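Participant: Before we start, here is the structure in question, set down as structure tokens.
The values are calculated or read from the model by the stated rules, or taken from the named source; none is laboratory data. Please read these numbers as outputs of a predicted model, since none were measured by experiment. Cβ coordinates were reconstructed from backbone atoms using ideal geometry, including for glycine residues, and neighbour counts include every protein chain displayed. Areas reflect the complete protein model, heavy atoms only, side chains present, ligands, DNA and RNA absent. Shrake-Rupley method; radii C 1.70, N 1.55, O 1.52, S 1.80 Å.
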Amino acid sequence: MSVIAADRKPASDRRPASDRKLARAAASSDRRFAAISHALLILWSVIVIVPMLWVLVSSFKSTGEILSSPFSLPDHWRFENYANAWTDANIGKYFLNSVIVVVSALILVMLLGAMCAYVLARFEFPGRRLIYYVMLAGLTFPVFLAIVPLFFQLQNFGLLNTRPGLILTYVAFALPFTMFFLYSFFRSLPHDVYEAALIDGAGDWRAFFQVMLPMARPGMAAVAIFNFLGLWNQFLLPVALNTDQDKWVLTQGMAAYASSQVYDIDYGALFAAIVITVVPVLLVYCVFQRRIAGSVSQGTFR
């Protein structure tokens, strides 16, 4: 019986001592790596979250409270700071301009980018590879190098200091990234579904809009979020190409409001304006963060 019991020892006990030592060392290394990773993530979360909470709390304080006790809770929660920022600083008008420009540019760039990525990913034609790499090269082109040519082009077309001119500029700079991101999604879609749609009588346009585009919805959602974040926070292009104050976007209005008060700054209203600027971005990210985590992939030419 003792011999049989000895033969039935777990496989881990029958392994050589060197293998068991290596396994324990690997497990210990994994635990150390996990502990260091969690510590760094916690530190990074504190670095990001604490300033955001401080700005949020400060937006309900008066200027005197912010200067005298910056890290305490407000004695009186001043919701009028948001009203002052919305009206006195014209944040409401700039917010509306940003919504019009960003939403319009986002719709156009998603439509054009999806069509471009679909054609490059699904159809074979001469120059396909060249077009792909030319579009890809647009990702490496610095924005500030195009400011002067863009200024004169928009001026010649009568689009300088207009919302349509700014929208078209946003679309032009977001299109390469959109195409690059969506290329791999359309490339990975099954050909059988497309062929079945053609057999059922659908043309190329109908197959794209009713069959293939809905199948790429996760990628569309993810790239739309990335484009929204980038366009919403854009500052250099509107400053150079949109100098009409009535058509300023939110980033321009915030910069002007912060610099116009000089020494007599209403910090409570300023922090309230910052919260108004940041909230849409946070809401979009919080609602669609699963789309971002689940659909990021690398676009490669195959």
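Participant: Leaving ligands, DNA and RNA out of it, rank Cys286, Cys116 by accessible area with a 1.4 Å probe, largest first.
Facilitator: So, going from the largest accessible area down, we get Cys286, Cys116.
Participant: I'd like the per residue volume of the convex hull spanned by the Cα atoms of segment 149-238, given in cubic angstrom.
Facilitator: Considering the Cα atoms of segment 149-238, their hull volume per residue is 118 Å³.
Participant: Now a separate question. Summarise the accessible area of the chain (1.4 Å probe, protein heavy atoms) by the percent that is carbon and sulfur.
Facilitator: Here it works out to 68 percent.
Participant: I would also like to ask the following. For segment 55-95, what does the alpha-carbon gyration tensor say about shape, rounded, prolate or oblate, given a ≥ b ≥ c as the root eigenvalues, a/c under 1.5 as rounded, and a/b over b/c as prolate?
Facilitator: Prolate.
Participant: Determine, for each peptide in 139-152, 76-89, 237-250, the mean count of other beta carbons within 10 angstrom over its residues, then list the peptides with the highest first.
Facilitator: 237-250, 76-89, 139-152
Participant: On to the next question. With just the Cα atoms of the chain, tell me how far they stretch along each of the three principal axes, in Å, largest first.
Facilitator: So the three principal-axis extents are 91, 66, 37 Å.
Participant: Return the calculated 222 nm mean residue ellipticity for the chain, to the nearest 500 deg cm²/dmol, obtained by summing -39500 (n - 2.57) across DSSP H runs with n ≥ 4 and dividing by the residue count.
Facilitator: Estimated from H runs of four or more residues: -23500 deg cm²/dmol.
Participant: Which helices pass in the chain if a helix is a full DSSP H run, must span at least 27 angstrom along its long axis by Cα, and must have mean Kyte-Doolittle hydropathy not below 1.0?
Facilitator: Counting only whole DSSP H runs, the qualifying helices are 91-122, 163-188, 267-295.
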